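Beneath this line is the structure, given in structure tokens, with notes to follow.
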Amino acid sequence: MNPTDTSDPSYYHRVVDCQWACPAHTDVPEYIRLIAQGRYRDSYLLNRLSNVFPGVLGRVCDRPCEPACRRGRVEEKPVAICRLKRVAADLAGDIRPYLPVVPKQKNGKRIACIGAGCASLTVANDLLPLGYEVVIFEQFDKTGGLMRTNIPAFRLPETVLNDEIDMILEMGVDLRLGQRVDSIKALLDGSFDAVFVGTGAPRGKDLNLPGRNESERIHIGIEWLESVAFKHTQDIGSNVLIIGVGNTAMDCCRTSKRLGGSNVKVIARKPRGYFKASPWELEDAEEEQIEIVVNHSPKEFVVENERLIGMTFDQLNYDEDASGNLVSRVIGEKFLPCDDVILAIGQENSFEWIERDIGIEFDRWDVPIIDRQTYQSTYEGLFFGGDAAFGPENIIWAVEHGHQAAISIHNYCEGRDIKDRLPVGMNLASTKMSIHEWSFSNDFDPSQRREMRHVDLQKRFDELNIEVEMGFSSDQAAVEIERCLNCDIQTVFSEKLCIECDACIDVCPVQCLTITSNKEEDALRASLTIPAYDKEQLLFVSSDLPQTGRVMVKDENLCVHCSLCAERCPTGAWDMRKSTLLIPYALDEKDAWPRKAG
Amino acid sequence: MSFIKKPRIIHPESRPNSIGLSINDYEGAMSTLCAGCGHDSVSAGIMQAFFELDIAPHNVAKLSGIGCSSKTPTYFLRGAHGFNSVHGRMPSIATGANAANGELHYIGVSGDGDSLSIGLGQLCHAIRRNVNMLYVIENNGVYGLTKGQFSASADVGSTAKRGEANHLRPIDPILTAIDIGGSFVARGFSGDKDNLVPLIKAGIMHRGFALIDVISPCVTFNDHEGSTKSYLHTRQASHAAIYADYIPVRDEITAVLDKGANVVPLHDGGQVQFRQVDDKYDPTDRSKAAGYIRECQERSEIVTGLLYIDDDAPDLHMLSDTSETPLRDLEFKTLNPGAKALEEIQNAWS
Ligand SMILES: Cc1cc2nc3c(=O)[nH]c(=O)nc-3n(C[C@H](O)[C@H](O)[C@H](O)COP(=O)(O)OP(=O)(O)OC[C@H]3O[C@@H](n4cnc5c(N)ncnc54)[C@H](O)[C@@H]3O)c2cc1C
Ligand SMILES: Cc1ncc(C[n+]2csc(CCOP(=O)(O)OP(=O)(O)O)c2C)c(N)n1
Ligand code: SF4
Ligand code: SF4
Ligand code: SF4
Ligand SMILES: [Mg+2]
């Protein structure tokens, strides 16, 4: 293999599994260390830089970082990254004095954002400090989008949401509540320099089966949650069927429990292991005694004397075909009685307010064509982000879209090529303090993941908005922090110094180092101390070593960043250096012009 | 010396050996040797060998004398028995222990100072008695522990760290052992585990005294230019005379080192397979082997590999007709037949 080019920022970035997996590339290990030092405010601000809503996300983030976390490969469970984020948010104190300053002198450019969800709010957050005037149009009387209307208050308290949204609004957003945009054309009349669409994917999917239109007691999940959030709906029958087993279904069933549903069943077409819901949401629902019925496919809504009395289902059995796909087979029919049905089978975009004759191209699924890098539509100066861009995802993706769209909008307004963006950079700094001392906690802590404390099962149903998760105690946080392996403290190798004594190889607790003759990737992977066949995990390959011409190979997969290789190396060929990913935001673009050559 | 303990993590891809132990179970305390010391690599090789041979640590006794090298048994096989003797006296302790209990696997770890200066007499007699053990000399040409004085293995002309040259002729443990009746004589290099680990395995399984002289550089006092025991010099000056591997009974039929490999059957049922680099070299011919090694020595070449083997030579117990059963397993009456029996024995010579 060719020697690894570690000057490419993506190499060390990928070693930080959590940061690589996070759509907004939150610097997880650094914020965890800041918590360890009691620097909660700094930890919060570091989070906010990339993810804008640390208090919200510390509770309800989809947390793609956790399945990626290296700790989950070294032992069973990943670091409770999300919970630690909440620790930082809960203890941050007043951070308003430390937010970017918004200049009094505006730059004379006006931006319209449609929808006051997290995507638009991020755009506002990034553009206001550059002197833009940002107008947000929101159809409802309240901001927050699905974070408010669909994520139940027992998962995300309103105070937390308000606080983080207010921080942005206070920067000087021109907020137009209760103003639905019914024509994009009207906004593109020249009164704005650019327009951002952050309207989400607001339409819940329906299920057109016999009986669908014969009862008022069949609800569409996201509409129903919204009407609960706005207190239009305050109760439900005692027997409730939820159709679908994704995260929306989890919120619907747990909300039903709190509104009077005593017998709530979630109906899944497929067996366990194929559910769309995140494992932790499923766990929380089951803790609340919600029954999950598997292998049932909806067939009919049964209405008698104009009253919904239940649903019939095909009972399925699954076989695997030759290529490992599940093939269903009907083995019977089943009637389940109920008073209400909630459909939680997906969401889609709805752009009936976008005219089709003004140059905005749509694809064959009737979704606007959006550039994945710039978030611009085929109409110049019209940008999309969040669920409106590529269909329903989650908050952290919406935030990342917002950041990228803000960069495009800024460059667009400055009359520059929006594809000419600052590259991601990387800093490396040694953490060596003295002979065997490092500026981070390198000692491996074998503790298991801490369990979240929950409000008592008896108490939590008393009111709709009692937050179930209580957050980590300080003792729990202290243990969980030490579980993080500091993946950003990189093992940096200088081949010129290596005398091939094998000390690092012998001491490595996860046998990830090998000195061997260089080969093609597959052969090399097979010849390692412990063969490494998972190509998702990188191999570091040095250039030829001075004494024998062999190469040093490191399988990054399980490295616990304990620094023992660097401690046992007699020549300092291994060093532990902290990598810091430098992610450009709209504000950075301001100082980067004119671009220097090279 | 590191301040943290080595994390105990079982690699999900690592397979336990046939007695259900992982390589981690063959570790010892964290080493306190200098970073990069060859001795730590030899320890790693020893762990790997015992792991691969499926030998449980509690069936092993580790013995040593004094020196950095002699400290190393603390750093491997935590669960084994051990004895750290006075300087140069480890061979006697090993001989006694082996006489009392021949069922354990004995591994002695010593240095060139411990074995070739103060302990040379001890070493020679253990070789002559063919005590069933593996004896590893971690040879760095200096007394590492006492700050780098030349040892008896230093080559003429090799310089110390401050520049002064050694003028005394070296004692070569390999030639000495072949000369006085050693039954398994090998040389390895700490920086080449691919060749070292098979030698250690074969040495453990050989019946009789197995001596492995391992060039094991002292990074602190003897790894400079001018030293003939440095990493670089050893790499440049050494070549393998022979590639050997130990093949246990269970693998015998399938695992073949090479087409045309030679085979020496061992008493445990396994075998040593080897392939010579030079066709003329025969590791079962004592005088030819000695001649070849001497020739190389004169050209300042370091030869490695399994240089001499005779698995048929009688060991300590056979030579002295002592109890095959460990003394601890004998009944008290047999062990101590009483005053009357003693009287009868004494009377037999009166
Ligand atoms: C039940 C449920 C639970 C969820 N749970 C989580 C979770 O735990 N974690 C997570 O990360 N994600 C979760 N999500 C997904 C997440 O809420 C969305 O991905 C995210 O809110 C998308 O943000 P957005 O800014 O793109 O759009 P939205 O949050 O949908 O905001 C769009 C806003 O635009 C407004 N709007 C729409 N059309 C117009 C118009 N024409 N004129 C004016 N205003 C308009 C809407 O009223 C709304 O306020 C959940 C989604 C659902 C449905
Ligand atoms: C009876 C006695 N004499 C001298 C010493 C001092 N001494 C300690 S270690 C050592 C030599 C060790 O050299 P070697 O066996 O080569 O070990 P190394 O440290 O090089 O591995 C000496 C002379 C001693 N401990 N005991
Ligand atoms: S161990 Fe820490 S730094 Fe590594 S992936 Fe997990 S959270 Fe991130
Ligand atoms: S410990 Fe240092 S000198 Fe020795 S092999 Fe490893 S990197 Fe090379
Ligand atoms: S002094 Fe030499 S022999 Fe002793 S531990 Fe250090 S490097 Fe090894
Ligand atoms: Mg020595």
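Only the coordinates and a few stated rules stand behind these numbers; no lab work does. Small disclaimer: the values here were computed from a predicted structure and weren't measured. Heads up, the Cβs are rebuilt from the backbone with ideal geometry, glycines too, and the neighbour counts pull from every protein chain shown.
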Search the structure for amide H atoms under 5 Å from the amide H of A:Cys113, placed 1.01 Å from N in the peptide plane, and list their residues when 5 or more places away or on another chain. A:Val135, A:Ile136, A:Phe137, A:Phe196
Using the Cα centre of the stretch A:489-582 as origin and beta-carbon charges of +1 (Lys, Arg) and -1 (Asp, Glu), tell me which of A:Ile505, A:Leu581, A:Gly549 is placed farthest towards the positive end of the dipole. A:Leu581
Footprinting exposure proxy for B:Asp315, A:Asp235 (fewest neighbouring C-beta atoms within 10 Å first): A:Asp235, B:Asp315
Span from the the stretch A:284-308 Cα centroid across to the the stretch B:117-131 one, whole angstrom: 84 Å
Of all DSSP beta bridges in the stretch A:205-344, what percent run antiparallel (nearest 5)? 55 percent
Quick one: Cα centre-to-centre distance for the stretch A:425-497 and the stretch A:345-359, in angstrom? 43 Å
Using Stokes-Einstein with the Kirkwood hydrodynamic radius over Cα pairs, what translational diffusion coefficient do you get for chain A at 4 °C and a viscosity of 1.567 mPa s, in µm²/s rounded to a whole number? 49 µm²/s
In what sequence do A:His13, A:His410 fall when counting other Cβ within 10 Å, fewest first? A:His13, A:His410
For B:Arg207, other-chain or 5+-apart residues with amide H closer than 5 Å (H placed, Pro excluded) are B:His267
Average partner coverage of A:562-569, which counts Cβ from other chains inside 10 Å: 4
Counting only other chains, and only Cβ atoms inside 10 Å, what mean value do you get across the residues of A:39-47? 0
Phi to ³J(HN,Hα) by Karplus 6.51 cos²θ - 1.76 cosθ + 1.60 over the stretch A:364-377, Hz, x for Gly, Pro: 6, 9, 6, 10, x, 7, 10, 6, 5, 9, 9, 6, 8, 7
Nothing charged except the Cβ atoms of Lys and Arg (+1) and of Asp and Glu (-1): what's the magnitude of the dipole of chain A about its Cα centre? Round to the nearest 20 debye. 740 debye
Inter-part gap, Cα centre of the stretch A:58-84 to Cα centre of the stretch A:146-178, in whole angstrom, is 26 Å
Provide the gained length on full extension for the span A:Asp94 to A:Lys334, in nm with one decimal, where the gain is 0.36 nm per separating residue minus the Cα-Cα distance. 80.8 nm
Where the eigenvalues come from the Cα gyration tensor of the stretch A:5-55, what are the semi-axes √(5λ) of the equivalent ellipsoid, largest first, in whole Å? 22, 13, 8
Which whole number gives the average, over all residues in B:10-18, of C-beta atoms from other chains lying within 10 Å of the residue C-beta? 4
How would B:Lys161, B:Lys71, A:Lys496 line up from fewest to most surrounding beta-carbon atoms within 10 angstrom? A:Lys496, B:Lys161, B:Lys71
Please turn the phi angles of the stretch B:48-57 into ³J(HN,Hα) values with the Karplus equation 6.51 cos²θ - 1.76 cosθ + 1.60 (θ = phi - 60°), one per residue in order, whole Hz, x for glycine and proline. 4, 5, 5, 4, 5, 7, 6, 9, 6, x
How long are the semi-axes of the equivalent ellipsoid of the stretch A:205-344, defined as square roots of 5 times the Cα gyration tensor eigenvalues? Whole Å, largest first. 25, 19, 12
Can you run phi through the Karplus equation (6.51, -1.76, 1.60; θ = phi - 60°) for the stretch B:69-77 and list ³J(HN,Hα) in whole Hz, with x for Gly and Pro? 4, 6, 6, 5, x, 5, 9, 9, 6
So the pair-distance distribution of chain B, from every Cα-Cα distance in 20 Å bins, comes to percents of 30, 57, 12, 1
Mean Cβ count within 10 Å, highest first, over the residues of peptides A:350-359, B:302-311: B:302-311, A:350-359
